[in-house]
Amino acid sequence: MRYISTRGGMPPKTFSEILLSGLSPDGGLAIPEKYPTIEVDQLKVWRDLSYQSLAFEILSHFIDDIPSNDLRDIVNRTYTSESFGNPEITPLKTLAPDLHILGLSNGPTLAFKDIAMQLLGNLFEYTLGKTGAVLNILGATSGDTGSSAEYAMRGKHGIRVFMLSPLGKMSRFQTAQMFSLQDENIFNIAIRGVFDDCQDIVKAVSNDHDFKQKHHIGTVNSINWARIVAQIVYYFKGYFAATSSNNEQVSFAVPSGNFGNICAGHVARTMGLPIKHLILATNENDVLDEFFRSGIYRPRTTTEVQHTSSPSMDISKASNFERFIYDLTGKDAAKVRELWQAVDQGEAFDLSTTPLWKKIKDFGFISGSSSHAARIATIREIYQKYNILVDTHTADGLKVGLEYRESGTPLVCLETALPAKFAESIAEATGHEPDRPAGYENIENLPQRYVVKDMDVAAVKAYISEQTNKSRMVCNPNASSG
């Protein structure tokens with residue numbers, strides 16, 4: 001298995017080479033030269049495998065430069081009942097016949113990002129251990145990626161994490177999860193802006209190849225292919241749990257902001273998993289819904305991005321969308337370069353009058369959007385009807401998924417976080433706050449450590465240089481302006 005860039009400017013590389021590199025040198029995203037094909041006979045063999053064994057089988061199709069015994073050990077150390085609270089890792093909750101929620105949020109930070117990030121941490125440590133190299137991870141988060149990455153990397157030898165987040169735009173719980181960490185290899189940078197500003201800074205730094213090489217910059221955002229490949233596994237696991245034979249089709253409803261989670265579903269479907277529809281759900285920031293309804297991809301400006309009660313999806317530039325468009329064009333890197341030249345300049349592109357638009361239906365995508373009132377109503381309805389609490393993002397997925405629910409086709413809604421992370425909205429919907437897992441009772445009251453920076457690439461670079469040039473990694477004990 002070799003990886004190339006969506007923009008065509010990178011020679012084929014191994015998995016381990018792209019694991020640590022983030023963006024490709026040409027600004028594109030790493031993607032396999034071709035996806036593996038899984039036949040029906042293989043699905044039959046995989047149906048009864050444990051999560052760990054299934055993960056090893058799927059990952060082995062994408063990772064062929066790590067010895068099998070080592071890869072199996074990494075997988076087994078990652079997916080434990082101790083880390084994920086359940087031996088099934090991603091248990092299926094059945095609400096009604098053919099209506100399910102796939103539980104993805106029982107990891108260390110109570111969000112689905114842990115499924116991939118815990119694996120990423122162990123893959124990083126393994127790869128760096130072979131060379132003695134160091135890695136400075138630069139990431140951006142709209143809520144859950146940051147804490148998931150930091151918990152996965154805290155204390156890892158040879159790794160520092162520099163995580164950008166939009167100042168004041170996450171829930172209090174999400175903010176406290178990140179900022180309360182005191183580990184010396186964790187650096188939180190709150191940016192005066194929105195998530196897209198943070199993501200733009202990460203991409204700008206990644207595209208400065210001299211700086212990137214000098215400071216050993218890598219990324220954990222879902223632009224890292226390892227994040228996507230890890231998430232492919234639970235689509236297969238969810239399919240097997242929701243069906244009794246491989247002759248059935250399933251539709252997945254997926255809350256989507258940066259297109260990473262549903263991109264994994266797209267790859268699973270391309271590999272041969274019998275997915276009928278990938279139901280994409282957005283919040284008020286409906287850039288992706290607009291595209292799948294109209295063919296127009298129109299990223300919003302910073303001032304147009306709305307701050308919502310499902311903040312992890314407050315995104316207007318979906319990085320992983322480039323991977324889908326690459327597949328949609330038939331792997332036409334020149335066309336992707338043309339389209340993203342417009343995107344990178346803040347412009348839109350319109351496929352509605354092109355042959356590509358007619359091909360969209362072949363990929364199984366349908367979409368819809370939600371609002372604050374709708375997600376609160378969905379949380380209330382699911383609680384009253386099924387005695388199950390869901391978080392605001394999962395509610396967006398349920399709301400849109402139920403709109404497209406088809407008789408005879410199981411609907412699996414992907415859970416994205418536990419309700420405890422969004423207590424204010426849960427209280428609004430149900431009249432009481434959700435229970436908190438042990439250890440999180442007073443997290444908002446813990447001391448917080450972070451710095452504040454303007455939306456300034458140079459300032460972030462300077463901060464990274466300052467910290468990496470110190471002989472010992474030291475963080476400022478209090479928030480400071482930059």
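Some observations on this one:
- Residue selected from segment 214-239 under the condition of a type outside the set (Gly, Ala, Ser) and in a loop (DSSP other than H, G, I, E, B), by the criterion surrounded by the most Cβ atoms within 10 Å (Cβ to Cβ): Val220
- Filter result for the condition that a residue is of a type outside the set (Asp, Glu), in contact (Cβ under 8 Å) with a residue 60 or more places away in the chain, in contact with a Ser or Thr (Cβ under 7 Å, 6 or more places away or on another chain) and under 30 Å from Ser407 (Cβ atoms), over Gly103, Gly22: Gly103
- In the set (1) farther than 29 Å from Lys93 by Cα; (2) part of a strand (DSSP E or B), Cys413 fails one condition alone, (1).
- Residue count, segment 179-192 (criterion: surrounded by fewer than 20 Cβ atoms within 10 Å (Cβ to Cβ) and out of contact with any Leu (no Cβ under 6 Å at 6 or more places or on another chain)): 3
- Annotation: of all residues in segment 348-391 being basic (Lys, Arg) and within 18 Å of Thr94 (Cα to Cα), the one that is surrounded by the most Cβ atoms within 10 Å (Cβ to Cβ) is Arg380.
- Some residue of segment 125-135 being under 16 Å from the mean Cα position of the chain (by Cα) and not charged (D, E, K, R): no
- Residue in segment 375-382 that is out of contact with any Leu (no Cβ under 7 Å at 6 or more places or on another chain) and assigned to a loop (DSSP other than H, G, I, E, B) present: no
- Segment 71-109, subset polar (S, T, N, Q) and under 20 Å from the mean Cα position of the chain (by Cα), residue surrounded by the fewest Cβ atoms within 10 Å (Cβ to Cβ): Ser83
- Some residue of segment 328-337 being without any contact (Cβ under 8 Å) to a residue 24 or more places away in the chain, surrounded by fewer than 21 Cβ atoms within 10 Å (Cβ to Cβ) and more than 22 Å from Ala268 (Cα to Cα): yes
- Condition check for Thr394: under 15 Å from Ser309 (Cβ atoms), touching a His at 6+ places or on another chain (Cβ under 8 Å), crowded, with 19+ Cβ neighbours inside 10 Å and polar (S, T, N, Q): no
- Pairs with Cβ under 6 Å, 6+ apart, first in segment 152-163 and closer than 14 Å to Phe187 by Cβ and crowded, with 24+ Cβ neighbours inside 10 Å, second of a type in the set (S, T, N, Q) and at pLDDT 95 or above: Met163/Asn188
- Meets criteria (part of a helix (DSSP H, G or I) and under 23 Å from Gln345 (Cα atoms)) for Lys203: yes
- When we screen Ala176, Ala133 for residues that are among the aliphatic types (A, V, I, L, M), modelled with pLDDT under 90 and surrounded by fewer than 24 Cβ atoms within 10 Å (Cβ to Cβ), the only hit is Ala133.
- Scanning segment 240-271 for residues that are touching a helix residue (DSSP H, G or I) at 6+ places or on another chain (Cβ under 6 Å), of a type in the set (A, V, I, L, M) and either buried (at least 24 other Cβ atoms within 10 Å of the Cβ) or closer than 23 Å to Asp286 by Cα (or both) turns up Ala253, Val254, Ala264, Val267, Ala268.
- Conditions (1) at pLDDT 95 or above; (2) surrounded by fewer than 23 Cβ atoms within 10 Å (Cβ to Cβ); (3) among the basic types (Lys, Arg): number failed by Arg436: (1)
- Top-ranked residue of segment 196-213 - restricted to ones that are in contact with a Gly (Cβ under 8 Å, 6 or more places away or on another chain) and closer than 26 Å to His307 by Cα, ranked as surrounded by the most Cβ atoms within 10 Å (Cβ to Cβ): Val202
- Restricted to segment 123-149, and to residues there that are among the small types (Gly, Ala, Ser) and assigned to a strand (DSSP E or B), the residue that is nearest to Ala420 (Cα to Cα) is Ala140.
The values are calculated or read from the model by the stated rules, or taken from the named source; none is laboratory data. Quick caveat: nothing in here was measured; it's all calculated off a predicted structure. Counting neighbours? That spans all protein chains shown, and the Cβs are built from the backbone with ideal geometry, glycine included.
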